[in-house]
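Worksheet for the structure shown next.
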Amino acid sequence: MKRTLILLTIIFVIAFGLYSLSNSRTFQLFGDIVHRVETNDKVVALTFDDGPWNKQLPDDVLAILDKHNVKGTFYLNGRGIRDNMRTTQKIVAKGHEIGNHGFTHKRLVFKSINTIEREITETSHLIRETGYRGKMTFRPPYFKKLFVLPYYLNKHDIVTVTGDVEADNDLFATSDDIVNSVLT
Ligand SMILES: [Zn+2]
């Protein structure tokens, strides 16, 4: 009985440790991970994740960024790029930075190195097909990573980028909700 309890405790501690490691935005076992950049300037780096899944959303976002002469980084998925090549090219043409966010947006935890390689290289390939020539970093889907993903990225000199402030992700969030969540 006592032994079972100890064993269960050990399993729980290991599981919790792995869970925390997979969710950490500031630490991974291999390679560089960037969650913020220290500077005295009052600046933020704006990043936009996923897709592009439809044409309207990037158009709206691009128009606002243009209006304020602001550049952002778009972490895109290979499947979205493949299905919306013209939309992606528009983002590239506006001079924004493009990052790799995996092909299917599945969690890249407990996956084989072959799956991870496919998710990354097919997406990189599509990004380059848009004409984008800039630097390309990687943002893990759901910010999840454990062993193989950081190992692969580090081996290929790809920097992992997470973040330290996340906007209200609720689909029904208003502009005010988003501003409030970010400022908080
Ligand atoms: Zn995402």
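The values are calculated or read from the model by the stated rules, or taken from the named source; none is laboratory data. In this text, all values refer to a predicted model and were calculated from it rather than measured experimentally. Positions of Cβ are generated from backbone atoms using ideal geometry, with glycine treated the same way; all protein chains shown enter the neighbour counts. We work out accessible area using only protein heavy atoms, side chains counted, and drop any ligands, DNA or RNA first. Shrake-Rupley method; radii C 1.70, N 1.55, O 1.52, S 1.80 Å.
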Alpha-carbon centroids, region 29-61 and region 128-150: separation in whole Å:
12
Mind checking the full-extension length gain between Tyr142 and Asp83? Use 0.36 nm per residue of separation minus the Cα-Cα distance, one decimal, nm.
19.1 nm
May I ask you to list the lysines whose Cα is less than 26 Å away from that of Lys155, ignoring any residue fewer than eight positions away on the same chain?
Lys106, Lys111, Lys135, Lys144, Lys145
Could you pull out the chymotrypsin sites (Phe, Trp or Tyr not before Pro) across region 94-170 that fall in loop regions by DSSP (anything but H, G, I, E, B) with no more than 13 other Cβ atoms inside 10 Å?
Phe110
Which value, in debye to the nearest 20, describes the size of the charge dipole of region 44-183 about its Cα centre when Lys and Arg Cβ atoms bear +1, Asp and Glu Cβ atoms bear -1, and nothing else is charged?
680
Cα-based Rg of the chain normalised by 2.2 N^0.38 Å, two decimals
1.16
Asp177: net charge of surrounding residues, Cβ under 11 Å, Lys/Arg +1, Asp/Glu -1, itself excluded?
-3
So, R0 is 30 Å and r is the distance between the beta-carbons of Leu57 and Phe27; what FRET efficiency does that work out to, to 0.05?
0.40
Difference of contour (0.36 nm per residue) and Cα-Cα distance, Arg36 to His68:
9.3 nm
Residues with beta-carbon under 13 Å from that of Ile33, excluding Ile33: net charge, scoring Lys, Arg +1 and Asp, Glu -1?
+3
Based on the mean of other beta carbon atoms within 10 Å per residue, what is the order of 4-11, 92-99, most packed first?
92-99, 4-11
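Please give the net charge around Arg139, taking every other residue with its beta carbon less than 11 angstrom from that of Arg139, where Lys and Arg add +1 and Asp and Glu add -1.
Value of the local net charge: +1.
Carbon and sulfur: what percent of the chain's accessible surface (1.4 Å probe)?
Accessible surface attributable to carbon and sulfur in the chain totals 58 percent.
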What helices does the chain hold that run 20 Å or longer along their axis, going by alpha-carbon atoms, with a Kyte-Doolittle average of 0.0 or more, using DSSP H for the helix calls?
2-23
Gain upon complete extension [Lys111, Glu166; 0.36 nm per residue less C-alpha separation]
17.2 nm
Run the quick spin-label model on Thr174 and Val13: label points 7 Å from Cα toward the beta carbon, then report their separation in nm to one decimal.
5.0
Provide the per residue accessible area, probe 1.4 Å, for region 44-183, rounded to a whole number of square angstrom.
56
